[in-house]
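One structure is given below, encoded as C-alpha cells.
The values are calculated or read from the model by the stated rules, or taken from the named source; none is laboratory data. Note that the coordinates shown come from a computational prediction; the quantities given were computed from them, not determined experimentally. Here the Cβ is made from the backbone with ideal geometry for all residues, glycine too, and neighbour counts use every protein chain on show. For the accessible areas, the whole protein counts, side chains as well, though only heavy atoms, and no ligand, DNA or RNA atoms are used. Shrake-Rupley method; radii C 1.70, N 1.55, O 1.52, S 1.80 Å.
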Amino acid sequence: MEERWDVPDVVVIGAGIVGAACAYYAARAGLDVAVVDRGPVAGGTTGAGEGNILVSDKEPGPELELALLSNRLWRELAASGPEEDDRPAASGGAGGRLPGAGAGGGFEFESKGGLVVAETARAMESLVDLAARQGVEHVTVTPDRLRAYEPHLAGGLAGGVFYPQDAQVQPALAAAKLIRRGAERFGRGALTLRTGVTVTGFVRAGDRVTGVRTDRGDISAGAVVNAAGTWGGEVAALAGTHVPVLPRRGFILVTEPLEEPLIRHKVYTAAYVTAVASDSAGLETSAVVEGTPAGPVLIGASRERAGFDRTVSPAVLGRLAAQAVALFPALAERRAIRAYCGFRPYCPDHLPVIGRDPRAPGLYHACGHEGAGIGLAPATGHLLAQALAGLRPDLDLTPFRPDRFDEEERP
Amino acid sequence: MTPDYDLAVIGGGPAGVAGALTAALAGLGVVLLDAAPRLGGQYFRRLPGGFRAARPGALHPAPGGSGGLDRFTRQCESLAARADVLTGHRVWAVERDAEAGGTLAVRCMEGDREERPRTITARRLLIATGAHDRPLPFPGWDLPGVLTAGGAQALLKGDLVVAGRRVVVAGTGPFLLPVAAGLAAAGARVLGVHEAAGRFGLAGHPFLAAGKAAEALGYGLRLARHRVPYRGRQAVVEAHGEHELTHVTIADLDRDWRPVGTRTVACDTLATGYGFVPRLDLPVQLGCALRVDQGGHGAGHGDPVVAVDAGMRTSVPGVYAAGETTGVGGAVLAETEGRLAGRSAAADLGRRIPPDPALARRRDRLAAFARVLLETYPVRPGWREWLRDDTLVCRCEEVPLAAVREARELGATDARSVKLLSRAGMGWCQGRMCGYAVSCLAGEDSPPGGSPPAPRRAIAQPVRLGDLARLATDPPAGEPPATPPPSSAGGLAPPASPTPSPEGRP
Ligand SMILES: Cc1cc2nc3c(=O)[nH]c(=O)nc-3n(C[C@H](O)[C@H](O)[C@H](O)COP(=O)(O)OP(=O)(O)OC[C@H]3O[C@@H](n4cnc5c(N)ncnc54)[C@H](O)[C@@H]3O)c2cc1C
C-alpha cells in the first residue's frame with residue numbers, strides 16, 4: 001500500500017521509549033518529526049521491561065553521567081505533565097491507589113528511592129566503596145536501620161546503601177505519553193506517530209541517507225534516527241552499516257495486587273550490580289523487588305543470552321521467586337499471577353549507541369541501551385536532538401559513537 | 001531419570017478421559033490431572049458425591065440422549081481402575097526437556113487451602129484443557145445476578161439452587177438451549193431465550209446433521225413445554241439494578257447486532273454467553289503451532305486453536321491435543337478426538353494399534369459440523385454499540401471503554417498494547433473474561449476474518465512465590481522436596497481465593 005507522506009525533518013524508526021524521547025526532544029528543538037513503528041507504540045522491549053530509573057547500579061563513567069542527566073530530565077518531564085494526562089482511567093481501577101492526582105506526569109513517575117542491601121560484610125564493603133566512587137547522593141544504612149527503610153525486609157543482612165534519586169515510571173505509558181505530549185505542545189504537525197509501518201530499506205542520495213523505504217511507501221527526510229532497540233542492528237544493516245546489538249533475555253514476575261504496600265522502595269542485593277555488568281552468556285538472576293502504584297509487586301529480572309526464544313523457563317521464574325522471598329519472607333504467601341519476558345538490546349561493551357553515523361551521513365543511532373533504556377531515554381533523546389540540530393551536546397558522545405566497534409574489531 | 005508416566009493427560013472432560021482411558025487400555029502408564037475436584041469438564045460437571053438428582057441424565061441432555069453422562073461415568077470408573085486420576089491439581093506450567101529425550105514436565109499445585117507444588121514427568125503429553133465461556137461486555141454486566149451461560153450451568157449442576165428464580169438467557173449458539181432447558185427443568189422460571197443470530201440459523205443451513213437437528217428439536221420441545229419463548233435477533237444489551245440485577249434491557253438487533261428497538265424485563269438472573277474460547281495457555285507455553293478456526297466466510301473473527309494432524313499430534317514432538325483446544329465442537333467430537341489421541345500416543349510409544357478408519361471418519365464428520373456451527377453463530381461487530389463510555393470492559397481492573405479508546409488514541413493497535421496502556425486484562429483473570437472484547441476493541445478483528453494471536457501466559461494459574469521458589473531449591477523433578485514447605489503462619493492474611501474463577505461470572 002503506497003501512501004503519500006509529508007517530508008519531515010526527521011524520521012524516527014521505533015516507537016519504544018528511546019524513539020519516543022528522541023522524537024519529543026527533536027520536536028521541542030523545532031524539528032518536524034515522524035515516528036514510525038511496525039507494531040503499536042511501546043510494543044517492543046519497552047512494553048516488556050520494568051520501569052526502573054536507576055543511578056545506584058552504575059559504575060562511575062559515561063553511563064553513570066548519562067543516567068544522572070536522564071534522572072534530572074525524568075523529573076522535569078514528570079513535573080511538567082499536563083493535568084489531563086492523569087485521569088485515573090488510564091492507570092486503572094486499582095482506583096485511587098495512585099499517589100495523588102496530578103503526580104507522576106501521566107506515566108506513574110515515582111521518586112521512591114532504591115535500597116541496595118548486602119548479605120555479607122564483604123559485600124557491604126564493596127557497596128560502600130562503589131557509592132563513594134560514584135559520588136551520587138546516598139545514605140549508608142547500618143543493619144539495625146534497614147527496617148526503618150523496609151519494615152518487611154529479612155533479618156540477618158549486613159547493611160545497605162540508600163539512593164534517594166532512584167525512581168520509576170510505567171514505561172509503555174511513558175513512551176505513549178511523551179509522543180502525545182510532543183504532538184500537542186510543539187505545534188501542529190511537529191510530531192506524528194504512524195503505527196503498523198515497517199521500515200524495509202533506506203532512500204539514498206549517493207552516500208547520504210535521505211529517507212526510509214517502508215511497506216507503506218517511501219518517506220523522505222532530512223535525517224533518520226535508528227531507535228529500533230534490539231532490532232537496531234538489523235535496521236543499521238539495511239543502511240549498510242554495522243552496530244552490534246543483540247538480545248539478552250529477561251523474565252519478570254508479577255504478583256497479585258497487594259492491599260497494602262509491603263515494599264516501599266526498590267530493593268535489590270549487591271549481587272545485582274555484578275550481574276548487570278556481567279559478560280556471561282549463562283543465566284544470571286538477581287531480583288529487584290518493588291511495589292507499583294496499582295498494587296502488584298514486580299520482581300525482575302533475569303539475564304541470559306538465549307536469542308529471541310520466548311519459551312517459558314519455570315526454573316528461571318523459580319530463581320527470581322527464591323531471591324525475592326529471601327529479601328522479603330512475607331512474599332512467600334503472595335501469588336504470582338503473571339510472568340513475561342523481553343529482550344534487552346545489548347552491545348558488547350554494555351554501552352548504548354548514540355549519535356550520528358559517519359559511515360552513512362544522515363543516519364543517527366539511538367539504540368542498544370540493554371537493561372537501562374527506560375532510565376536513559378530522556379538523556380539519549382535530549383543529546384540526540386542536540387546533535388540533530390547541530391548543537392554541541394551537553395555530554396560528550398564519544399563513548400557512545402556508533403562506529404566504535406569497527407576499531408575494536410580491527411586487529 | 002525415567003519419567004513418572006508414559007502419558008500425562010491434562011483435562012478431565014470428555015476428551016481427556018477418553019484419551020487417558022484409550023491409552024491405559026493400550027497398556028500405557030497414564031496419569032490424568034484436572035483442576036476441578038471432580039472429573040467432568042465443562043460439559044459433564046458432576047454433582048457432588050452423595051447427592052443424587054432424581055434423574056441426573058436430565059441435567060445432561062447429551063447428544064444421543066441421556067446416555068451421555070452414564071457413558072462418561074463408566075469411562076471415569078474404568079479409568080480410575082487403570083490410571084492415576086489426580087483431581088484438584090492445577091497445572092500452571094508445562095515444559096519439554098529436549099535434552100532429556102523430550103521428557104515433559106507438568107508443574108502443578110495440589111490441593112486447595114493446603115496447596116502443595118508438585119511436578120509430574122511423562123514421555124508424552126495430551127492437552128485437553130477445553131474452553132471457557134466467551135462473554136461480551138454491556139452496561140451492567142458486572143452486577144451480581146449476571147452469569148455466563150457456562151456459569152449458570154455449573155450452578156445448576158453443582159448445587160441446584162435455582163428453583164423460583166426469574167431467569168433470562170441471552171447470547172448466541174446452540175449451547176443456550178440446554179442451559180435454558182436445564183434451568184427450566186430445575187424449577188427456574190425462564191422468561192426467554194434470546195439468540196442474537198437468527199433463530200433458525202441452523203435449520204436454514206443446507207448442511208444439516210440429522211443428529212443435531214433432532215437434538216435441537218428435543219430442546220425446542222422441552223422449552224415449549226415450559227412455555228419458554230425462543231427469540232432470534234435479540235440480545236440483552238443492558239443489565240440494571242442498584243446492588244444486584246433487577247431487570248434487563250432486551251433489544252431487537254439488525255443483521256450486524258446493532259440494537260434497533262428495546263424493552264425491559266424484570267428478572268433476578270441473567271445467563272449470557274457468546275460461544276467459547278479454547279484454553280491455550282499450556283500449548284502456547286510449549287510453542288505448539290496454532291491455526292485460526294475460521295467461523296464462516298469472513299464473518300466475525302476466527303479463534304486461534306491448536307493445529308494437529310490426523311492423529312491429534314501437535315507440532316511439538318510428544319505433545320497431543322484433543323477436544324475444544326483444537327476447535328470448539330462439543331462433547332462427542334471431544335471424546336472422539338481424545339480416543340484418537342490416546343491411540344496415537346500408544347502407537348508412537350511402540351504399542352500395536354490397528355488403524356480405525358471409522359473413528360477418523362467420525363472425527364472428520366463431527367469437525368465439519370462444528371465448522372458449520374461456527375459459521376452459523378459468529379459474533380457480529382454491532383455489539384460494540386451496546387457499550388457506553390463508562391461501561392467496564394475489564395472488570396478485574398475496572399477499565400471502562402473510554403480508557404480502552406484512549407489507549408488506541410495513544411497508539412495501541414492490539415490487545416497487548418491496550419493492556420499496557422489501560423490495564424485492561426492485567427488483573428486476576430488475566431484477560432480470560434475480557435480478552436476477546438479487548439482484542440476486538442483494539443482492532444484485531446479487522447480486516448474482517450482477522451484473528452488475534454493467542455495470549456501468552458507464562459503462568460497459567462496463580463502460584464505462591466514460596467512454592468515457585470522451591471523450584472529453584474528442590475531436587476530434580478519427581479523426588480520429594482528436601483525443604484519443608486514454608487509455614488503459612490506469618491501473620492499474613494491467607495490468599496483471598498484459591499483460584500481465579502473466570503467461570504460463573506462473566
Ligand atoms: C525484563 C526486562 C526488564 C527491564 N527493566 C528495565 C528497567 O527496570 N529499567 C530500564 O531502564 N530498562 C529496563 N529494561 C530495558 C529497557 O526495556 C530497554 O532498554 C528499552 O525498552 C529499549 O527501548 P527502545 O526504545 O530502544 O527499544 P524498543 O522498545 O524495543 O523499541 C524499538 C521499536 O522499534 C520497532 N522496530 C524494529 N524494527 C523496525 C522496523 N524495521 N520498522 C519499524 N519499526 C521497527 C519495534 O517494533 C519496537 O517497537 C528491561 C528490559 C527487560 C527485557
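Rounded to the nearest whole Å³, what is the per residue volume of the convex hull around the Cα atoms of the stretch B:92-183?
Enclosed volume per residue, from the Cα hull, is 173 Å³.
Please give the per residue accessible area of the protein assembly as shown, computed with a probe of 1.4 Å over protein heavy atoms only, in Å².
38 Å²
Restricting things to alpha carbons, find the Rg to Rh ratio for the stretch B:224-264 using the Kirkwood radius for Rh.
1.07
Using the Cα atoms of the stretch A:171-227 to build a convex hull, what is its mean projected area in square nanometres?
Taking a quarter of the hull surface, the average projection is 4.7 nm².
With all protein chains present, how much of the accessible area of the protein assembly as shown (probe radius 1.4 Å) comes from carbon and sulfur, to the nearest whole percent?
That share works out to 52 percent.
For the stretch B:225-350, what log10 I(q)/I(0) values come out of the Debye formula at q = 0.12, 0.19 1/Å, with one point per alpha carbon and no solvent?
For the stretch B:225-350 at q = 0.12, 0.19 Å⁻¹, log10 I(q)/I(0) is -0.68, -1.02.
Find the percent of Cα-Cα distances in the stretch B:284-357 that exceed 19 Å, and round it to a whole number.
More than 19 Å apart: 40 percent of the Cα pairs in the stretch B:284-357.
Normalised radius of gyration for the stretch B:70-137, please: alpha carbon Rg relative to 2.2 N^0.38 Å, two decimal places.
This ratio for the stretch B:70-137 stands at 1.40.
Nearest 100 Å² is fine: how much accessible area is buried between B and A, summed over both sides, with a 1.4 Å probe?
So the buried area, both faces added, is about 4000 Å².
Mind putting together the pair-distance distribution for chain A? All Cα pairs, 20 Å bins, whole percent per bin, short to long.
Computed distribution, short to long bins: 28, 57, 14, 0.
Which value at 222 nm does chain A reach when only helices count, each DSSP H run of 4 or more adding -39,500 (n - 2.57), with the total divided by all residues and rounded to the nearest 500 deg cm²/dmol?
Using -39500 (n - 2.57) per qualifying helix, the result is -8500 deg cm²/dmol.
In Å³ and rounded to a whole number, note down the convex hull volume per residue for the Cα atoms of the stretch A:122-162.
Cα-based convex hull of the stretch A:122-162, divided per residue, equals 59 Å³.
Which value in Å does the Kirkwood hydrodynamic radius of the stretch A:278-411 take, with 1/r averaged over all unlike C-alpha pairs and then inverted?
17.6 Å
Give the average over all directions of the projected area of the C-alpha convex hull of the protein assembly as shown, one decimal, in nm².
About 39.2 nm², averaged over all directions.
Could you tell me what fraction of 2.2 N^0.38 Å the Cα radius of gyration of the stretch A:148-246 comes to, as a two-decimal ratio?
Dividing the Cα Rg of the stretch A:148-246 by 2.2 N^0.38 Å gives 1.68.
Can you list residues whose amide H is under 5 Å from A:Thr200's amide H, if they're 5+ apart or on another chain and H is modeled 1.01 Å from N?
Residues meeting the criterion, in which the H sits 1.01 Å from N, are A:Arg213, A:Thr214, A:Asp215.
For the stretch A:1-49, rounded, prolate or oblate, judged on the Cα gyration tensor with a ≥ b ≥ c (square roots of eigenvalues), a/c < 1.5 rounded, else prolate if a/b > b/c?
Because a/c hits 1.5 or more and a/b fails to exceed b/c, the stretch A:1-49 counts as oblate.
Please list the radius of gyration and Dmax for the stretch B:317-361, considering alpha-carbon atoms only, with Å as the unit.
Using the Cα atoms of the stretch B:317-361, the pair Rg, Dmax is 11.0, 31 Å.
Reachable aspartates and glutamates from A:Lys266, Cα under 13 Å, same-chain residues fewer than 8 places away excluded?
Straight-distance partners of A:Lys266: A:Glu50, A:Asp57, A:Glu110, A:Glu150, A:Asp166, A:Glu290.
Check every DSSP H run in chain A and write down those whose alpha carbon atoms cover 24 angstrom or more along the long axis and whose mean Kyte-Doolittle hydropathy is 0.0 or greater.
Span-like helices in chain A: A:62-79.
Name the long-range amide H neighbours of B:Leu290: under 5 Å, sequence gap of 5 or more, or other chain; modelled H, no Pro or chain starts.
B:Ala307
Normalized C-alpha radius of gyration of the stretch A:339-411, against 2.2 N^0.38 Å?
The value comes to 1.17.
How large is ³J(HN,Hα) for each residue in the stretch B:228-240, as worked out from phi by the Karplus curve 6.51 cos²θ - 1.76 cosθ + 1.60 (θ = phi - 60°), to whole Hz, x for Gly and Pro?
9, x, 10, 10, x, 6, 9, 8, 7, 10, 7, 10, 10
State the Cα centre-to-centre distance between the stretch B:314-392 and the stretch B:79-138 in whole Å.
That distance is 19 Å.
With Kirkwood's inverse mean 1/r over C-alpha pairs for Rh, give me the Rg to Rh ratio of the stretch A:195-279, two decimals please.
1.21
Can I get the semi-axes of the stretch B:335-442's equivalent ellipsoid? Compute them from the C-alpha gyration tensor as square roots of 5 times the eigenvalues, in angstrom, largest first.
Square roots of five times the eigenvalues give 43, 18, 11 Å.
Measure off 7 Å from each Cα along the Cα-to-Cβ vector at A:Val139 and B:Arg365, then give the distance between these two points in nanometres to one decimal.
For the pair A:Val139/B:Arg365, the computed spacing is 7.8 nm.
Before anything else, pin down the relative contact order of chain A: Cα pairs under 8 Å, at least 6 apart, normalised by residue count, whole percent.
Relative contact order comes out at 24 percent.
Can you give the Rg and Dmax of the stretch B:339-388 based on its C-alpha atoms, in angstrom?
Every Cα atom of the stretch B:339-388 included, Rg and Dmax give 19.2, 60 Å.
Could you identify which residue out of A:Thr311, A:Thr195, A:Thr398 has the top mean-square fluctuation in a GNM of chain A using Cα springs shorter than 10 Å?
A:Thr311
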